[in-house]
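One structure is given below, encoded as structure tokens.
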Amino acid sequence: MLVNTSHPGNIGATARAMKNMGLKNLCLVAPQQYPSAEATARASGADDVLAGAQCCATLDEAVADAVLVIGASARSRSLSVPVLDPRSCAALVQRQADPSRVAIIFGRERTGLTNEELDRCHQLVQIPANPEYSSLNIAAAVQIIAYELRVAAQNDLNPSAPETDYASAQQLEQFYAHLEQTLIALEFLDPESPRHLMRRLRRLFGRARPDQKEINILRGILTAIGKKFR
Ligand code: SAH
């Protein structure tokens, strides 16, 4: 998934990088210029991947069905989720029961991903580049990560991935909204001074990766608390 990409050439180059590695599900979140002749030209023989790209207005819409969201970032953030290198990222994706429900998101050319976008990520992937010049061109970053995904898939490290029915990103967002609303009602969370509470809780639940039953239990607890406050 490419978020809010400015240069259509980068979108085309990404489609090409993906097709070279046998990937096809490209998703464009609020691209700044698309469709574009430049994108098509840079896609070269990968115009099928480009033509098949899904366009979404928001990141939440794009990741709604994903059970694992990985953000590609050139920088480490202070209050951040675990950071993987591309090889461990590929191994993690390979261990998923359904790798098509993994979203790997790439940020804007100039500013990368916002904190709110990073909040949607269970993990980050960082290409260990020159610390003095660590930001790759976006399609080059996609190429490296897609290459590792291909190598991991070919080595088929774990052919029998466990079938856990993890909560989707959309279910997690609904849970976080419910949790926040409950914590405000409990006066545990002051909306005037939220600090990093929700971000820390997202990190906790993101690490735990609740499944369907667990997320239903958590929602049930919040509903029970809500009834006491009526
Ligand atoms: N100045 C921006 C760089 C954006 S580069 C920043 O510091 O965040 C555009 C996108 O390419 C990034 O958002 C990221 O998704 C990807 N990218 C570039 N270099 C990367 C690296 N070293 N590791 C992982 N992703 C990288």
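I'd like to verify a number: residues in the stretch 57-87 that are open to solvent by 30 Å² or more (accessible area, probe 1.4 Å) and of a type in the set (Gly, Ala, Ser), how many?
Adding up the residues that qualify gives 4.
Which of the residues spanning the stretch 91-125 are within 12 Å of the ligand (Cβ to nearest atom), assigned to a loop (DSSP other than H, G, I, E, B) and open to solvent by less than 40 Å² (accessible area, probe 1.4 Å)?
Residues satisfying the conditions are Gly107, Leu113, Cys121.
For the subset of the stretch 132-156 comprising residues that are more than 10 Å from the ligand (Cβ to nearest atom) and part of a loop (DSSP other than H, G, I, E, B), which member is least open to solvent (accessible area, probe 1.4 Å)?
Here the residue is Asp156.
Could you grab the pairs with beta carbons closer than 9 Å, sequence gap of 6+ or different chains, first residue in the stretch 217-230 and touching a residue at least 40 places away in the same chain (Cβ under 8 Å), second one small (Gly, Ala, Ser)?
Matching pairs, first to second residue: Ile225/Ala185; Gly226/Ala185; Phe229/Ala185.
Looking at (1) in the same structural domain as Leu59 (by TED's automatic domain parsing); (2) modelled with pLDDT of 95 or more, find the lone condition where Glu214 falls short.
Condition (1) is where Glu214 drops out.
The values are calculated or read from the model by the stated rules, or taken from the named source; none is laboratory data. From a predicted model like this one, the values you see are computed outputs, not experimental measurements. All Cβ positions, glycine included, derive from the backbone under ideal geometry; neighbour counts span all protein chains shown. For the accessible areas, the whole protein counts, side chains as well, though only heavy atoms, and no ligand, DNA or RNA atoms are used. Shrake-Rupley method; radii C 1.70, N 1.55, O 1.52, S 1.80 Å.
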